[in-house]
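Below: one structure in structure tokens.
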Amino acid sequence: MPIKKPKTEIKIVNIVVSTSLEKDIPLIKLAEALPNTEYNPEQFPGLVMRIKDPKTSALIFSSGKIVCTGARSMGKVKESIKKIIQNVEKIRIKITITPQIKVQNMVGSGSIGIDLNLNSLAMELENTEYEPEQFPGLVYKLPDTRATFLLFSNGKIVCTGTRSETKLKEAVQLLVKNLAKLKRKK
């Protein structure tokens, strides 16, 4: 009977993007006009805007720069930016450009379908941190990539640091390949 290959499943759970509206934004006026905002310039120079649908949050700076987080797809990122622009236009700031969206980080979560011995992985893999008394997951920085993984003994994983769905999937494939190499050595 052939050996069944473990099923790897990964889903995007958060995309962090930055963009600019290329206009100065009066944050006090924006905070006064909108109920879904928080602005406390003594503590932080950006205004926090929460969007219900799609469920995202944005930091908006007076320079017009924006950091948006919480979307699970690029489509939802674009919807969020559109809603931010609509909100800014409520205080009569006309946005005439199409903002250039730059992905800063993509977070994926899922399973590689195999149980992991984190103690032995901490010894055998380079670029790891594992302190089970403080946190149950092993941190693994995948060599020659931007990807960093959290690995759990039940095979669940979180990947952060990539900037596209393609790079995220490549990083997961490389992780599985590296783990398979270790298994063959035994």
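Build a GNM of the chain with springs between Cα atoms under 10 Å: which of GLY110, GLY64, GLY75 gets the top mean-square fluctuation?
Among GLY110, GLY64, GLY75, the largest mean-square fluctuation in the Gaussian network model of the chain belongs to GLY75.
Relative contact order (percent) for the chain, with alpha-carbon contacts under 8 angstrom and 6 or more residues of separation?
22 percent
In addition: Among MET74, MET49, rank each residue by its count of other Cβ atoms within 10 Å, from fewest to most, as a rough exposure measure.
Starting with the residue having the fewest Cβ neighbours, the order is MET74, MET49.
Here's a follow-up. Taking one equal scatterer on every alpha-carbon of region 112-185, how large is log10 of I(q)/I(0) by Debye at q = 0.14, 0.20, 0.23, 0.25 1/Å?
Log10 I(q)/I(0), no solvent term: -0.39, -0.82, -1.09, -1.27.
Which of the following values of Rg and Dmax of the Cα atoms in Å was calculated from the structure shown: (i) 27.1, 92; (ii) 15.8, 45; (iii) 20.7, 69?
So the structure-derived entry is (iii).
Output the peptides 32-44, 7-19 sorted from most to least packed, where packing is the average of other Cβ atoms within 10 Å over each peptide's residues.
Final packing ranking: 7-19, 32-44.
To continue, here is another question. Order by neighbour count: THR96, THR166, fewest other Cβ atoms within 10 Å first, most last.
Placing the least packed residue first, the sequence is THR96, THR166.
Right, another one. Projected area of region 17-103, taken from the Cα convex hull and averaged over every viewing direction, in nm²?
Details: hull surface 20.3 nm².
Hull-based average projected area comes out at 5.1 nm².
When we measure straight from the Cα of LYS156, which lysines land under 24 angstrom away, once same-chain ones fewer than 8 places off are left out?
The reachable lysines, counting only those whose Cα sits under 24 Å from LYS156, are LYS4, LYS5, LYS7, LYS11, LYS141, LYS167, LYS169, LYS177, LYS181, LYS183, LYS185, LYS186.
So which aspartates and glutamates pass the test for LYS78, namely a Cα distance under 14 Å, with those fewer than 8 places away in the same chain ruled out?
Within reach: ASP53.
Values quoted throughout were computed directly from the atomic coordinates according to the rules given, and no laboratory measurement underlies them. Since we're looking at a predicted model, the values are computed, not measured. No Cβ is skipped: glycine too gets one built from the backbone with ideal geometry, and neighbour counts run over all protein chains shown.
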